[in-house]
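The values are calculated or read from the model by the stated rules, or taken from the named source; none is laboratory data. Worth saying up front: this structure is predicted, and the values here are computed from it rather than measured. Cβ: placed from backbone, ideal geometry, glycine included. Neighbour counts: every protein chain shown. We work out accessible area using only protein heavy atoms, side chains counted, and drop any ligands, DNA or RNA first. Shrake-Rupley method; radii C 1.70, N 1.55, O 1.52, S 1.80 Å.
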Amino acid sequence: QEYRDKSTRQEIETRRLQDSQTDTEESSPSEETPSDAEPTSTIESKAPPQISLLRNSNSRFNLWQDLPEIRSSGVLSILQPDEIKLQEAMFELVTSEASYYKSLNLLVSHFMENERMKKILHQSEAHILFSNVLDVMAVSERFLLDLEQRVEENIVISDVCDIVYQHTVNHFSVYITYVSNQTYQERAYKQLLQDKPAFRELISQLELDPKCKGLSFSSFLILPFQRITRLKLLVQNILKKVEEKSDRETTALDAHKELETVVKACNEGVRKMSRTEQMISIQKKLEFKIKSVPIISHSRWLLKQGELQQMNGPKTSRTLRTKKLFREIYLFLFNDLLVICRQIPGDKYQVFDSAPRGLLRVEELEDQGQSLANVFILRLLENADDREASYMLKASSQSEMKRWMISLAPNRRTKFVSFTSRLVDCPQIQCVHPYVAQQPDELSLELADVLNILDKTDDGWIFGERLHDQERGWFPSSMGEEILNPKIRAQNLKECFRVHKSDDSQRRKLGSRNRQ
């Protein structure tokens with residue numbers, strides 16, 4: 001979506017510019033408090049723009065202020081700069097929905113309703129592959145019509161979040177159905193490509209059509225999942241720009257809360273099937289030397305797995321030169337359980353210890369020489385034998401050691417911030433290159449994401465918390481640029497707390513109940 005790319009790049013450049021500015025001058029109170037009054041009578045007398053995004057497939061999506069109707073109206077000289085930014089944010093939501101609808105329409109008309117496709121696919125195969133995309137498209141069309149009607153009511157858009165709220169509550173459940181089918185959809189697509197040469201050939205031909213603009217069939221299939229996530233971010237962007245304690249802030253908060261509920265349901269739906277399959281696969285590989293622990297549970301999932309080196313015997317032993325200092329062990333860390341194994345022939349793992357995740361403690365060893373570099377102590381307060389046990393473990397690198405330590409004991413204080421307290425100011429980074437997570441403890445990033453830096457390593461990894469959704473994970477430091485200006489960091493935190501203030505009050509109530 002060209003509009004989104006332009007807007008995102010503009011956001012990155014704006015932050016760079018702000019971050020590079022020296023704060024030698026303080027703004028006067030009058031500069032910090034622009035007038036909220038708008039000469040609405042002058043604005044309303046202007047003719048509203050006839051954009052017709054849904055009906056005009058050749059519309060070129062510009063910035064709101066670049067539209068000829070807006071430029072000729074003179075409204076740009078009347079509105080405050082903050083209101084113009086808000087108009088842009090609302091206009092982006094509308095135009096991106098139009099672009100999304102056009103892409104959905106292409107998925108249906110160009111791929112799903114292709115006559116050869118109908119002959120090649122059995123009805124059940126087509127149902128799994130395309131799921132309820134017709135329902136999703138109908139919801140998008142109805143949503144876009146309401147948005148477009150709002151845009152055409154007045155040259156200055158009054159609000160869009162009330163429309164987002166209504167449609168999220170009443171219609172967006174179709175997204176949960178579509179996204180929850182994703183695991184079956186991906187599997188069916190791979191199977192069809194493998195088993196049906198005619199299907200494979202047709203897809204290749206259809207993808208070459210100029211209408212697809214070089215995009216693959218699978219990139220069209222994933223559109224609904226991407227859209228529901230993007231909508232939440234677009235509403236967050238609006239929320240940052242509306243007046244505090246205004247009606248528009250209330251509708252934006254309501255819309256954001258409902259969208260977050262849908263996104264969480266989508267994420268849970270798509271994870272549930274893949275997690276169950278993964279747990280079954282792990283269960284088959286484990287052989288218990290100790291009392292067997294049931295691995296498969298609906299509330300359990302894998303957080304991290306991998307090989308570490310366990311130290312043998314006391315480190316002061318005189319036999320270190322003749323005896324191997326470390327031996328390999330393999331860890332499976334779940335959200336509520338740690339299983340410690342040794343790999344045995346046949347791609348199997350022999351379990352010799354385990355502990356609840358809540359009863360794990362870690363401690364880093366510092367300045368112990370090269371042989372003990374990247375070594376940490378793992379303590380099991382209550383292991384499989386109901387006793388306390390300690391393991392001295394060595395990782396392959398500093399980043400791998402820190403990643404294991406944070407995964408094993410997530411509430412441990414990190415380099416820059418304690419997880420049990422909110423810091424007024426901590427290092428921040430802005431994503432300038434998108435990143436796709438490769439491991440369960442990593443975090444996928446999109447352009448312009450802003451994150452608090454919770455920890456970093458000397459070999460180029462950062463553990464961060466994304467401000468807009470509080471998701472945490474590791475990513476390469478080369479993906480972002482650190483925000484050095486403390487005022488910009490403070491502004492980013494203020495916007496984050498504002499977006500989530502209703503959620504925070506709800507969490508405090510729940511936390512109070514849990515403590516009782």
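Identify the residues of region 393-410 with backbone N under 12 Å of a label point that sits 7 angstrom from the Cα of N312 along the Cα-to-Cβ direction, or state none. From region 393-410, the list is empty.
Available extension along the chain between N411 and E141 is 92.7 nm, counting 0.36 nm per residue and deducting the alpha carbon span. Accessible area per residue for region 103-186 is 44 Å², calculated with a 1.4 Å probe on protein heavy atoms, without ligands, DNA or RNA. In a fully extended conformation the segment linking K196 and Q18 would gain 58.6 nm over its present Cα-Cα distance, using 0.36 nm per residue. For H468, neighbours were defined as the other residues whose beta-carbon sits under 11 Å from its Cβ, and their charges (Lys and Arg +1, Asp and Glu -1) total -4. Rounded to two decimals, the Cα radius of gyration of region 70-113 over 2.2 N^0.38 Å is 1.76.
Given a 1.4 Å probe and the protein chains as shown, W461 ends up with an accessible area of around 50 Å².
Whole-Hz Karplus values for region 477-490 come out as 5, 5, 7, x, 10, 6, 8, 8, 6, x, 5, 5, 4, 5 Hz, taken residue by residue from phi with 6.51 cos²θ - 1.76 cosθ + 1.60 and θ = phi - 60°; glycine and proline positions read x. Here K85 sits with roughly 110 square angstrom of accessible surface, probe radius 1.4 Å. Backbone phi angles across region 190-200, fed through the Karplus curve with coefficients 6.51, -1.76 and 1.60 (θ = phi - 60°), yield HN-Hα couplings of 4, 5, 5, 4, 7, 8, 10, x, 5, 5, 4 Hz in residue order; Gly and Pro are listed as x. Take each peptide in 150-159, 203-212, 183-192, count the other Cβ atoms within 10 Å of every residue, and average; sorted highest first, the result is 150-159, 183-192, 203-212.
Neighbours of K285 by Cβ distance under 12 Å: Lys/Arg scored +1, Asp/Glu scored -1, total 0. Ranking T183, A138, P197 by Cα position along the charge dipole of region 53-281, where only Lys, Arg, Asp and Glu carry charges on their C-beta atoms, puts P197 farthest toward the positive end. Give me the distance between the Cα centres of region 108-162 and region 340-403, rounded to whole Å. If we compute the Cα centre of each part, the gap is 51 Å.
Taking R0 as 41 Å, what's the FRET efficiency between R187 and K487 from their Cβ-Cβ distance, rounded to 0.05?
Calculated value: 0.25.
A compact globular protein would have a Cα radius of gyration near 2.2 N^0.38 Å; the ratio found for region 53-281 is 1.15. Packing, taken as the mean count of other beta carbons within 10 Å per residue, orders the peptides 168-176, 381-389, 302-310 from highest to lowest as 168-176, 302-310, 381-389.
The charge dipole of region 64-137, taken about its Cα centre with unit charges on the Cβ atoms of Lys, Arg (+1), Asp and Glu (-1) only, comes to about 400 debye. Cα-based radius of gyration for region 205-302, normalised by 2.2 N^0.38 Å, reads 1.70.
Close amide H partners of D459, meaning residues 5 or more places away or on another chain with modelled amide H under 5 Å apart, are S399. Each residue of region 239-252 was assigned a 3J(HN,Hα) from its phi angle through the Karplus curve 6.51 cos²θ - 1.76 cosθ + 1.60 (θ = phi - 60°); the sequence is 4, 5, 10, 6, 5, 5, 6, 9, 4, 5, 5, 4, 5, 5 Hz, with glycine and proline shown as x. Only one residue of L86, A265, I120 has its Cα farthest out toward the positive end of the dipole of region 53-281, where Lys and Arg carry +1 and Asp and Glu -1 on Cβ, and that residue is I120.
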